[in-house]
Amino acid sequence: MSRWCNKTLSVKTKEERGFSWDRAASHKETVISMEGQRVQRSPSSSHWVCAFGNKAFNLKRRYATIKVSGDSPYLYVGVAYKGAPVAEAYNNVSVLWRKGSGDLCFHGVRLNRSKLPSVSSASGELCYGGGDVVGIMVDVKLGKVAFFCNGVLARTASGLRTDVDVLPFVSLGSGDAPSYDHALPDLSSCS
């Protein structure tokens, strides 16, 4: 277990203004709602499409939440460096957590969840599904990322680049529609 954040994270609901999906940086076949809060793959698309969040993580903006909808497992949630390809499920400039399987894709290497040390969620699963809220916490100074499912820590990874912008990122291989949720965490338990 990483010492940079405790096992659980309490979530306080508070509106987060200005955080949305970035139309200009995302794949041209993503469908982003008018207010920028929901993204999905165009029904006419037959391949993976990706979307970037509009604001990079930094020393003050360390956490984002994404509410997941749909039943298909063809969804990755995580972070990518500015300029990452937007037509691949995962790549060497992203760290993504796969829906359903719980696999972690770190800089292009897919790691099976059974080989990773992790904390189980309340349901005993190491993955997320439709209706869950995925939290992404980034420590840009130390190059670390943590993934939460409904406020419970599920995955951590070290080795993020610290010399480039790190942004929220989703990769959609189906009609699933993640959206930014407006829950901000209580980070008092994290150092």
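In what sequence, largest accessible area first, do 47, 107 appear using a 1.4 Å probe?
Ranked list, largest accessible area first: 47, 107.
How would 103, 163 rank on accessible area, largest to smallest, probe 1.4 Å?
On the way: 103 10, 163 110 Å².
Largest to smallest exposure gives the sequence 163, 103.
Based on the Kirkwood radius over alpha-carbon pairs, what value in µm²/s does the Stokes-Einstein equation return for the translational diffusion coefficient of region 20-173 at 25 °C and 0.890 mPa s?
D = 161 µm²/s.
What ³J(HN,Hα) values, in whole Hz, does the Karplus curve 6.51 cos²θ - 1.76 cosθ + 1.60 give for region 144-157 when θ = phi - 60°, with x put for Gly and Pro?
10, 9, 10, 10, 10, 10, 6, x, 10, 4, 10, 8, 9, 8
Given H placed 1.01 Å from N in the peptide plane, which residues other than close sequence neighbours of residue 26 have an amide H under 5 Å from its amide H?
Result for residue 26 returns 52.
Quick check: with the 1.4 Å probe, what order do 164, 77 take by accessible area, largest first?
164, 77
Can you check what the net charge comes to around residue 82, using other residues whose Cβ is under 14 Å from the Cβ of residue 82 (Lys, Arg +1; Asp, Glu -1)?
-1
The values are calculated or read from the model by the stated rules, or taken from the named source; none is laboratory data. On a predicted model such as this, the values are computed, not experimentally measured, just so you know. In this analysis, Cβ positions are derived from the backbone assuming ideal geometry, glycine residues included, and neighbour counts consider all displayed protein chains. Note: accessible area is taken over every heavy atom of the protein model, side chains too, but ligands, DNA and RNA are not part of it. Shrake-Rupley method; radii C 1.70, N 1.55, O 1.52, S 1.80 Å.
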